[in-house]
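All remarks here apply to the structure that follows.
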Amino acid sequence: MNQKTGWLAVSLIVLSLFMSGCITDDTDENTGDENWNLTLEWDGNTQHMSLSDIRKMPSYTGHAYLVSTTGIRYGPYIGTGALLSDIIGPMGELNETSRLYLYGSDEYLWVLDNIQLKGEGYITFDENLSETENQIITPVLMYELDGKPLSEEDGGPVRFALLSENPGVITEGSGWVKWVSKLELHR
Ligand SMILES: Nc1nc2c(c(=O)[nH]1)N[C@H]1C(S)=C(S)[C@@H](COP(=O)(O)O)O[C@H]1N2
Ligand SMILES: [Mo]
């Protein structure tokens, strides 16, 4: 092999490594999202869902606006996600004692009761942080914020969110579980 064909061979090997994905561009922001999956556990069953499974489900878009326990507001934004009711559909009938445990990848845990699983019984505030009544709140697993994939910093790829039908409706931030990793039904 002369020097010229040698270099050609090396170039072809490098090119094929790129094309086969062995060398990846480290500006690819979606690597973490491809590795993410959600574990569902109920009655001894375990199921996993990928981000693309969740994106294929019917989506809901609403107003995303929350307040932390320290009074810091996050929003107003427009959020999109899959309905929690669709995601837990395979778990079957729920009753008064049913509880859903939502875990973040940091082991943060938030528990929803049977009423909240139906999308009711959430505390809502107006922009002056006075409680408001009769707001339509839809619990979702949110993957998009203001039309962009939810960033890791904001709790992405998937965050539990309480989206409002109306603008200016604020919900309690403590329930907005970031980096959702597992949903467990306790009967
Ligand atoms: N996974 C996870 N989610 C979480 C928390 C957490 O510590 N871990 N903190 C909660 C609390 S108490 C609040 S007030 C909000 C804060 O949201 P922010 O970090 O986007 O400001 O996230 C909630 N979701
Ligand atoms: Mo909080």
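Readers should treat all values here as calculations from the given coordinates under stated rules, not as data from a laboratory. Quick caveat: nothing in here was measured; it's all calculated off a predicted structure. FYI the Cβ positions are ideal-geometry reconstructions off the backbone, even for glycines, and counts take in every protein chain you see.
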Report, ordered by the first and then the second residue, all pairs with beta carbons closer than 7 Å, sequence separation of six or more or different chains, a first member in the stretch 68-79 that is more than 15 Å from ligand 2 (Cβ to nearest atom), and a second member that is in a loop (DSSP other than H, G, I, E, B) and charged (D, E, K, R). Y77/D146; I78/D146
So, in the stretch 62-86, how many residues would count as being among the hydrophobic types (A, V, I, L, M, F, W, C) and over 15 Å from the mean Cα position of the chain (by Cα)? 3
Within the stretch 66-80, is there a residue that is outside any strand (DSSP E or B) and either away from ligand 1 (no atom under 14 Å from the Cβ) or of a type in the set (F, W, Y) (or both)? no
Among the residues of the stretch 46-79, the number that are over 26 Å from E127 (Cα atoms) and crowded, with 19+ Cβ neighbours inside 10 Å is 3
Residue count, the stretch 122-159 (criterion: more than 22 Å from T61 (Cβ to Cβ) and either touching an Asp or Glu at 6+ places or on another chain (Cβ under 7 Å) or among the aromatic types (F, W, Y) (or both)): 1
Kindly provide the set of residues from the stretch 121-138 that are in contact with a strand residue (DSSP E or B) (Cβ under 8 Å, 6 or more places away or on another chain), on the phi < 0 side of the Ramachandran plot and without any contact (Cβ under 8 Å) to a residue 24 or more places away in the chain, ordered by number. E131, E133
Among (1) within 16 Å of ligand 2 (Cβ to nearest atom); (2) crowded, with 19+ Cβ neighbours inside 10 Å, which single condition is V140 missing? (1)
Find the residue count for the stretch 161-187, including only residues that are within 16 Å of ligand 2 (Cβ to nearest atom) and in contact with a Pro (Cβ under 7 Å, 6 or more places away or on another chain). 1
Just one of the numbered conditions (1) small (G, A, S); (2) surrounded by fewer than 18 Cβ atoms within 10 Å (Cβ to Cβ); (3) within 12 Å of ligand 1 (Cβ to nearest atom); (4) not in a loop (DSSP other than H, G, I, E, B) is not true of S85; which one? (3)
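Listed here are the residues, each with its yes/no results for (1) within 15 Å of ligand 1 (Cβ to nearest atom); (2) within 22 Å of L40 (Cβ to Cβ); (3) more than 15 Å from the chain's Cα centre (by Cα); (4) free of Cβ contacts under 8 Å to residues at least 12 places away in the same chain.
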position	(1), (2), (3), (4)
V140	yes, yes, no, no
G147	no, no, no, no
D154	yes, no, no, no
P157	yes, yes, no, no
V169	no, no, yes, no
W179	yes, yes, no, no
H186	no, yes, yes, no
